[in-house]
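Visitor: Structure provided below as structure tokens; questions to follow.
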Amino acid sequence: MADVPRVEPGNARIGWIGTGVMGSSMCGHLIDKGFTATVYNRTREKTESLVAKGATWADSPRAVAEASDVIFTIVGFPNDVRSVLLGDEGALAGCESGNVLVDMTTSEPSLAVVVHEAAAAKGVHSVDAPVSGGDIGAREARLSIMIGGDKPVVDALMPCFEAMGKTIVHQGGPGAGQHTKMVNQTLIATNMIGVCEALLYGYRAGLNLTTVMESVSTGAAGSWSLSNLGPRIIDDNFAPGFIVEHFIKDMGIALAESKQMGLSMPGLALAHQLYLALQAQGHGRDGTHALELALASLSGIDWKNR
């Protein structure tokens, strides 16, 4: 397959599928850089801000691909990825030889390989490029982007990645980006338990949690989750930057991949169970930091009414 020319405004048309909490901001950055965009989302109203910026609405992923050279996707679950990329009305069905598919969903490494092989059979390039940084990182164009795929294609896409992120690393072949994201999610899972338990301890000890944060967030105990989500927990703001349902999905993928590799992951398994409990309590659409509510309930504390 021929290499892709550098993807820049004026020489490539962008397609975008999935305009949720993160996707809308990410696509918006590309439009701001001068790319023309065609967009699709199952809920059309969620594309209105992008259409107001000049994007064109399409009524299916296939129609997006038919109007685009490079098609980005960021949807919810692996089944969504299969549908919007490989379905009868999926993006691949609308691609021509030389087009590029870039899936930025956190999904299964094995599915990234399947997509790559199906795309290659049609002369289409494919890259898996999941991201980390949540709604804030997407909004401020400072995501960490973890990329799997052929290096010449990844290099060609750099102007797009640079418009959306600050840490952009090519990790290897198809699926390597998704495996790296599983490393990321494993790190976050048990760290979030520590953040929530620590704030719960501080509360029960009668401390001012805001001043506690001043002492602990900049030293060895510091983390992105503590600095960015700790204040939201203290303020009882559990609106999602990244929703619980999607995090449960990610942990499930990581646990399944771990089993395939013969790895025991007890910390990750514990986090997965705690988040399933949080979902069962009705918080599946809240942010991942809502874990505080489930852990507080174990000690008979109504966090929101403390």
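Visitor: When you go through (1) assigned by TED's automatic domain parsing to the domain that holds residue 293; (2) part of a strand (DSSP E or B) one by one for residue 168, which number turns out not to apply?
Guide: (1)
Visitor: On to the next question. Condition check: closer than 22 Å to residue 78 by Cβ, more than 18 Å from the chain's Cα centre (by Cα) and of a type in the set (A, V, I, L, M, F, W, C). Does residue 207 satisfy that? Outline the logic, then answer.
Guide: Numbers: closer than 22 Å to residue 78 by Cβ: no; more than 18 Å from the chain's Cα centre (by Cα): yes; of a type in the set (A, V, I, L, M, F, W, C): yes.
No; evaluated as a whole, the condition is false for this residue.
Visitor: Sort out which residues of the range 232-291 are among the small types (Gly, Ala, Ser), without any contact (Cβ under 8 Å) to a residue 40 or more places away in the chain and over 28 Å from residue 26 (Cβ atoms), and write them in order of number.
Guide: Residues satisfying the conditions are 258, 262, 264, 269, 277, 280, 282.
Visitor: Right, here's the next one. Of everything in the range 118-139 that's touching a Phe, Trp or Tyr at 6+ places or on another chain (Cβ under 9 Å) and part of a helix (DSSP H, G or I), which residue is surrounded by the fewest Cβ atoms within 10 Å (Cβ to Cβ)?
Guide: Ranking the candidates gives 135 first.
Visitor: Name the residue that is farthest from residue 287 (Cα to Cα), counting only residues in the range 140-155 that are out of contact with any Asp or Glu (no Cβ under 8 Å at 6 or more places or on another chain) and either in a loop (DSSP other than H, G, I, E, B) or at pLDDT below 95 (or both). Steps first, please.
Guide: From the range 140-155, those out of contact with any Asp or Glu (no Cβ under 8 Å at 6 or more places or on another chain) are 140-146, 150-151, 154-155; that's our starting set.
This time we only want the ones that are either in a loop (DSSP other than H, G, I, E, B) or at pLDDT below 95 (or both), so: 140-142, 150.
Numbers: 140: 18, 141: 20, 142: 19, 150: 34 Å.
Taking the candidates together, the pick is 150.
Visitor: Looking only at the range 81-103, which residues are in contact with a Phe, Trp or Tyr (Cβ under 6 Å, 6 or more places away or on another chain) and either among the hydroxyl-bearing types (Ser, Thr, Tyr) or closer than 18 Å to residue 250 by Cβ (or both)?
Guide: Within the range 81-103, none qualify.
Visitor: Something else: Among the listed residues 189, 163, which satisfies the condition of being in contact with a Lys or Arg (Cβ under 7 Å, 6 or more places away or on another chain) and in a helix (DSSP H, G or I)?
Guide: Numbers: 189 fails: in contact with a Lys or Arg (Cβ under 7 Å, 6 or more places away or on another chain).
When all the criteria are applied, what remains is 163.
Visitor: Also, quick follow-up: Do you know which residues across the range 66-99 are of a type in the set (Ser, Thr, Tyr) and more than 22 Å from residue 110 (Cα to Cα)? First the steps, then the outcome.
Guide: Our first condition is that a residue be of a type in the set (Ser, Thr, Tyr); within the range 66-99, this holds for 68, 73, 83, 97.
Selection gives 68, 97.
Visitor: Taking only the range 201-229 into account, find how many residues are in contact with a Ser or Thr (Cβ under 7 Å, 6 or more places away or on another chain) and assigned to a helix (DSSP H, G or I). Talk me through it step by step, then tell me what you get.
Guide: Within the range 201-229, the first condition is being in contact with a Ser or Thr (Cβ under 7 Å, 6 or more places away or on another chain), and the residues that meet it are 217, 226-227.
Still in the running and assigned to a helix (DSSP H, G or I): 226-227.
Qualifying residue count for the region: 2.
Visitor: Shifting gears a bit: Going by the conditions given, is residue 62 out of contact with any helix residue (DSSP H, G or I) (no Cβ under 7 Å at 6 or more places or on another chain) and either surrounded by 23 or more Cβ atoms within 10 Å (Cβ to Cβ) or not small (Gly, Ala, Ser) (or both)? Spell out how you get there, then give the answer.
Guide: Numbers: out of contact with any helix residue (DSSP H, G or I) (no Cβ under 7 Å at 6 or more places or on another chain): no; either surrounded by 23 or more Cβ atoms within 10 Å (Cβ to Cβ) or not small (Gly, Ala, Ser) (or both): yes.
When the stated conditions are applied, residue 62 does not pass them.
Visitor: Any residue in the range 148-171 that is without any contact (Cβ under 8 Å) to a residue 12 or more places away in the chain sitting within a Cβ distance under 7 Å of a residue that is of a type outside the set (S, T, N, Q)? List the pairs, counting only those 6 or more apart or interchain.
Guide: Qualifying pairs under 7 Å: 162/168.
Visitor: Then there is this: Residue 78 fails exactly one of the following numbered conditions: (1) within 25 Å of residue 251 (Cα to Cα); (2) crowded, with 23+ Cβ neighbours inside 10 Å. What is the number of that condition?
Guide: (2)
Visitor: Take residue 175 and tell me if it is surrounded by 16 or more Cβ atoms within 10 Å (Cβ to Cβ) and in contact with a strand residue (DSSP E or B) (Cβ under 6 Å, 6 or more places away or on another chain).
Guide: Working: surrounded by 16 or more Cβ atoms within 10 Å (Cβ to Cβ): yes; in contact with a strand residue (DSSP E or B) (Cβ under 6 Å, 6 or more places away or on another chain): yes.
Taking the combined requirement at face value, the residue satisfies it.
Visitor: Is it fair to say residue 43 is under 13 Å from residue 57 (Cβ atoms), surrounded by fewer than 22 Cβ atoms within 10 Å (Cβ to Cβ), assigned by TED's automatic domain parsing to the domain that holds residue 134 and free of Cβ contacts under 8 Å to residues at least 60 places away in the same chain? Full working, then the answer.
Guide: Working: under 13 Å from residue 57 (Cβ atoms): yes; surrounded by fewer than 22 Cβ atoms within 10 Å (Cβ to Cβ): yes; assigned by TED's automatic domain parsing to the domain that holds residue 134: yes; free of Cβ contacts under 8 Å to residues at least 60 places away in the same chain: yes.
Yes; evaluated as a whole, the condition is true for this residue.
The values are calculated or read from the model by the stated rules, or taken from the named source; none is laboratory data. Note that the structure is a prediction, hence the values are computed from the model and not measured. No Cβ is skipped: glycine too gets one built from the backbone with ideal geometry, and neighbour counts run over all protein chains shown.
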